[in-house]
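Colleague: What follows is a structure written as structure tokens; I'll ask about it next.
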Amino acid sequence: MKLAIECMNETDKEKRISMFFNKFEWALDLAAKQLDERFQFQKTASKKQFPLLMNGLWLGSDKLKDDDTIESVINQGTLSIGFIGLAECLIALVGKHHGESQEAQDLGLRIITFMKEKINGFSEKYQHNYSLLATPAEGLSGKFTKRDRKKFGILPGITDKDYYTNSSHVPVYYHCTPEHKAKIEGPYHALEGAGHIFYVEIDGDATHNPEAIMKIVDLMDKYNIGYGSVNHNRNRCLDCGYEDATENLTVCPHCHGNNIDTLQRITGYLVGTTNRWNSGKLAELKDRVVHK
Ligand SMILES: [Zn+2]
């Protein structure tokens, strides 16, 4: 993201985009080198240092002798390079994100395809399994934005909120149908081999509306979504066990207690209480809109 902001002073669009690709290539080369350097250190460890992991949990580790290094075994693992904030990157480069402009979507796919090709090249060059991760970056999402705002100021659509958008997602505040979201985000999944997620926010009580869920599952099939989920909130009274899907429920309608536990999806997984979310992710949650 920061790389795209650094290009914003260039007024010529083509030059701005090519400047971004140059910076992006530099950053990818650096990430691959760093991962290789870490591997070069890790591979010097011997089997006996990992009595649990290297006793059959890693494929082939049971064939190693105690003083053998773990190199051959850990090189079967993957080294992932991830990214967040494609939406903000596109706003910086062409003024719009990929949910609202075909030009931005074309550029977004060009950027992530470029990343994928670079990563395939790293696998050849270093002989490791490099992979491309669509990361939610729960921690970095807030940290990067704060840092960039301090350095570059408040940029509309980019650093004017407390988080960067998860990987190649359409921004959470953007109103669109589930189908539009699936159509835009689907093509990225084929490139993001180390992991990705698609989600749709729905309102109301999903437990009584299986058709709504089935329609979303059909969209996932249609647009080649690798992994998807449906987000809906769920409240549970910790005192009496009452459950519902009312928004911002603070008082239990059954026992009038205020010990309400709200279940929400932070990224890939469900979190029982939002009390422990960091400020970046809480700000994102507040901005989320229902897709309909
Ligand atoms: Zn209750």
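Colleague: Quick one: Tyr173 ticks every box in (1) closer than 30 Å to Asp36 by Cβ; (2) within 19 Å of the chain's Cα centre (by Cα); (3) surrounded by fewer than 19 Cβ atoms within 10 Å (Cβ to Cβ) bar one, so which box is it?
Modeller: Unmet condition: (1).
Colleague: Where residues in the stretch 216-257 are more than 8 Å from the ligand (Cβ to nearest atom) and in contact with a His (Cβ under 7 Å, 6 or more places away or on another chain), which of them is modelled with the lowest pLDDT?
Modeller: In this case the residue turns out to be Ala245.
Colleague: Residue by residue through the stretch 1-58, note down the ones that are farther than 19 Å from Glu88 by Cβ, in contact (Cβ under 8 Å) with a residue 40 or more places away in the chain and in contact with an Asp or Glu (Cβ under 9 Å, 6 or more places away or on another chain).
Modeller: Phe39
Colleague: Here's another thing I want to ask about it. How many residues, within the stretch 205-260, are under 28 Å from the mean Cα position of the chain (by Cα) and assigned to a helix (DSSP H, G or I)?
Modeller: 15
Colleague: Okay, moving on. Return the residue satisfying two criteria in turn: it lies in the stretch 15-69 and is in a helix (DSSP H, G or I) and among the aromatic types (Phe, Trp, Tyr), and of such residues it is farthest from Ser123 (Cα to Cα).
Modeller: Step one: of the stretch 15-69, the residues in a helix (DSSP H, G or I) are 15-42, 47-49, 53-57, 61-63.
Narrowing the set further to residues that are among the aromatic types (Phe, Trp, Tyr) leaves 20-21, 24, 26, 39, 41.
Values: Phe20: 23, Phe21: 20, Phe24: 18, Trp26: 17, Phe39: 13, Phe41: 18 Å.
Checking each candidate, the answer is Phe20.
Colleague: Take the residues in the stretch 124-144 that are modelled with pLDDT of 90 or more and in a helix (DSSP H, G or I); name whichever of them is surrounded by the most Cβ atoms within 10 Å (Cβ to Cβ). Give the derivation first.
Modeller: Let us first name the residues in the stretch 124-144 that are modelled with pLDDT of 90 or more, namely 124-134.
Restricting the remaining residues to those that are in a helix (DSSP H, G or I) gives 124-126.
On the way: Glu124: 9, Lys125: 13, Tyr126: 17.
Only one residue fits best here, namely Tyr126.
Colleague: Need pairs with beta-carbon distance below 6 Å; first residue within 20 Å of Asn209 (Cα to Cα) and within the stretch 226-254, second of a type in the set (Phe, Trp, Tyr) and more than 16 Å from the ligand (Cβ to nearest atom); sequence gap 6+ or separate chains.
Modeller: From residues that are within 20 Å of Asn209 (Cα to Cα), the pairs are Gly228/Phe198; Ser229/Tyr199; Asn231/Tyr199.
Colleague: For the stretch 10-25, which residues satisfy the criterion of being among the acidic types (Asp, Glu) and closer than 16 Å to Glu117 by Cα?
Modeller: Selection gives Glu25 alone.
Colleague: Out of the stretch 156-175, which residues are closer than 16 Å to Gln105 by Cα, touching a Gly at 6+ places or on another chain (Cβ under 6 Å) and not hydroxyl-bearing (Ser, Thr, Tyr)?
Modeller: Hit for the stretch 156-175 is Val170, nothing else.
The values are calculated or read from the model by the stated rules, or taken from the named source; none is laboratory data. Owing to the predicted nature of the structure, the values given are computational and were not obtained by experimental measurement. Positions of Cβ are backbone-derived with ideal geometry, glycine not excepted, and every protein chain shown enters the neighbour counts.
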